[in-house]
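Below is one structure, written out as structure tokens; the observations come after it.
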Ligand code: SF4
């Protein structure tokens, strides 16, 4: 029977970064029902429509079930041996740095840990990055520059306790629906709470907004620089907080004043009404308990990191941080974007939240993993970030790529280049759950992986909360867990001793020990879950959701960071950054006069490999579409529900026209979900050029430049 469990099992939803707890009911080897876990602090029993349909997305149909090499089904032994042999052959022929991995926020932390350990620790290549680069890399870089660590200071209760919640570049109602439900209820209970939505589109999140600012795409840094200058001019700074806990204020203020000399100037730069703008400034400045919640509308930009720091600057300048109901709060898109960061799954990280430049990190990690005796040793400089990685493949500098649980052929910008690079890459290995994806035709070796309901491990949600995802069913056919596949390849590469785990709990235990290894209370390494180490499998199986750090000083976890005003920087002070706003790199022109925005729709997840299996989730939006303002529709001669085409420098996209006053004039919105497997026409990545943020490497997927044609 296809079963690991019977009865009720507590697990977590595999979709967005809210990380809701799910109670699944198993009967005769099937998940027959799901409901929200009332005891999980992320959702207290709530689920959104995607979560409630989880059991409708399961089943063997469409799953990848057998390993394949060069198009032929083979045994696992052959597939693993061939994977190891070909990886080694590429290393021998071209060097360690020609081998790379591209991971995913869909992987569990244990999968991520062993992948990072194998590639960076034992194969000696720094080129391991993740699709989380497309999601929250700018937020990570912003936190690091300000706080000295990639540390989200807030938690979900802060949203409920705030007097003012500012949603920037976040359609919370669609993309993090349970968090939106919590905010909505909190607002009903507290009539004094205000919500401000800052977004080029009028979204469903505006339903609870007291104020909406429909800003020009990409102008966020002008708006928050303007806020900093306004707070200073109106004596609304927290001078004591600035003096005791921060540095860099004067430089930040000076830059803000240069870019935002008056409210009117900012209003012009952001294309918003000056009175409404000043109302926002007044509300922000006069409340202490303010949460600014930001997401991909801020991050997916060539100046995303600067925008994050412009927001953080305002919180630091007002002392609105480290308190209940206060702080700059970045919400991740994927279920385990943060878990991946914890183990070092970004190319600029080494391991356990340490970067290459973290003092002593290379030596520490090398000793912990016992790689000192290996030739080569750990790489000593960061690897290629996602877009750079595929550029390096395109140039022939990377000759072997292992992709796990993601589909770069769809999700990365400049899709034609990505596909060309994959086609020319001498070795492409793909670990995947689904039998039919746009990536698989490029794979030399295909490894069938287990999926949600089958995997065992942990994930970390947007508020630093580590939760268990629990296996309930056995994987279909010959599919195997990602951690197992990686370890088996590692053994065949000669690293049996270091990869001899028999269960994910052993990997988690090692991960927890590494986080606390030589990490004293005075260390600046904030990520520390050492109190979860050494507990054994039963404790792992029973692990309750808990927020890191979890160490000797905080054995029950840490709901909020920086309450003492001490940060993870060398001198303990938070840093305000001078920000000079920059406009999108994808410039509008007479050829491409419309600003393109891309994003999710409410009921779909990523490339729809799971959500499209539940018919009721297709009812909300059934096909690729182009949403645009009535004037733009009239100018192009397109009718509502007609077909139209968008063209950009890199490609084209066809979709059903949806005319909407929610769009600003001159701007269009398309969903990111459809792939060539669903339709040859509606892949949004075809329209985006691969410009990236110079600090975070995050691509500018929110601000394309396109032309519209009637079909
Ligand atoms: Fe899943 Fe996110 Fe919906 Fe919660 S809000 S049920 S984590 S998709």
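Listing for the model above:
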quantity	calculated
Scope the stretch 190-210; condition more than 25 Å from residue 597 (Cα to Cα) and out of contact with any helix residue (DSSP H, G or I) (no Cβ under 7 Å at 6 or more places or on another chain); matching residues	190, 191, 192
Total residues in the stretch 153-173, condition within 16 Å of the chain's Cα centre (by Cα) and either part of a helix (DSSP H, G or I) or within 16 Å of the ligand (Cβ to nearest atom) (or both)	3
Every residue from the stretch 366-384 that is within 30 Å of residue 692 (Cα to Cα), at pLDDT 90 or above and surrounded by fewer than 17 Cβ atoms within 10 Å (Cβ to Cβ)	381
Among residues of the stretch 260-283, those that are part of a helix (DSSP H, G or I) and crowded, with 20+ Cβ neighbours inside 10 Å, counted	7
Condition met for residue 392 (at pLDDT 95 or above and buried (at least 24 other Cβ atoms within 10 Å of the Cβ))	no
Residue match in the stretch 391-401 (condition: free of Cβ contacts under 8 Å to residues at least 24 places away in the same chain and either farther than 30 Å from residue 445 by Cβ or in a loop (DSSP other than H, G, I, E, B) (or both))	yes
Residue within the stretch 198-210 that is farther than 25 Å from residue 177 by Cα, surrounded by fewer than 20 Cβ atoms within 10 Å (Cβ to Cβ) and either at pLDDT 95 or above or touching a strand residue (DSSP E or B) at 6+ places or on another chain (Cβ under 8 Å) (or both) present	no
Matching residues, the stretch 411-422, being over 16 Å from the mean Cα position of the chain (by Cα) and either in the same structural domain as residue 683 (by TED's automatic domain parsing) or in a helix (DSSP H, G or I) (or both)	415, 416, 417, 418, 419, 420, 421, 422
Check on residue 661, closer than 22 Å to residue 175 by Cβ and surrounded by fewer than 16 Cβ atoms within 10 Å (Cβ to Cβ)	yes
Among (1) in contact with a helix residue (DSSP H, G or I) (Cβ under 7 Å, 6 or more places away or on another chain); (2) within 16 Å of the ligand (Cβ to nearest atom); (3) part of a helix (DSSP H, G or I), the one test that residue 187 misses	(2)
Residue satisfying condition, being touching a helix residue (DSSP H, G or I) at 6+ places or on another chain (Cβ under 6 Å) and assigned to a loop (DSSP other than H, G, I, E, B), within set 665, 681	665
Which listed residue is crowded, with 23+ Cβ neighbours inside 10 Å and touching a strand residue (DSSP E or B) at 6+ places or on another chain (Cβ under 7 Å), from 457, 477	457
Selection status of residue 106, within 27 Å of residue 505 (Cβ to Cβ), assigned to a loop (DSSP other than H, G, I, E, B) and within 16 Å of the ligand (Cβ to nearest atom)	yes
Residue in the stretch 600-608 that is surrounded by 15 or more Cβ atoms within 10 Å (Cβ to Cβ) and farther than 18 Å from residue 684 by Cα present	no
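Let's see how each residue does on (1) touching a residue at least 24 places away in the same chain (Cβ under 8 Å); (2) closer than 29 Å to residue 156 by Cβ; (3) buried (at least 20 other Cβ atoms within 10 Å of the Cβ):
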{"site": "498", "(1), (2), (3)": "yes, no, yes"}
{"site": "504", "(1), (2), (3)": "yes, yes, yes"}
{"site": "520", "(1), (2), (3)": "no, no, no"}
{"site": "527", "(1), (2), (3)": "yes, yes, yes"}
{"site": "541", "(1), (2), (3)": "yes, yes, no"}
{"site": "566", "(1), (2), (3)": "yes, yes, no"}
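The values are calculated or read from the model by the stated rules, or taken from the named source; none is laboratory data. As the structure is a prediction and not an experimental result, all values here were calculated from the model. Cβ atoms come from the backbone with ideal geometry, glycine included; neighbour counts cover every protein chain shown.
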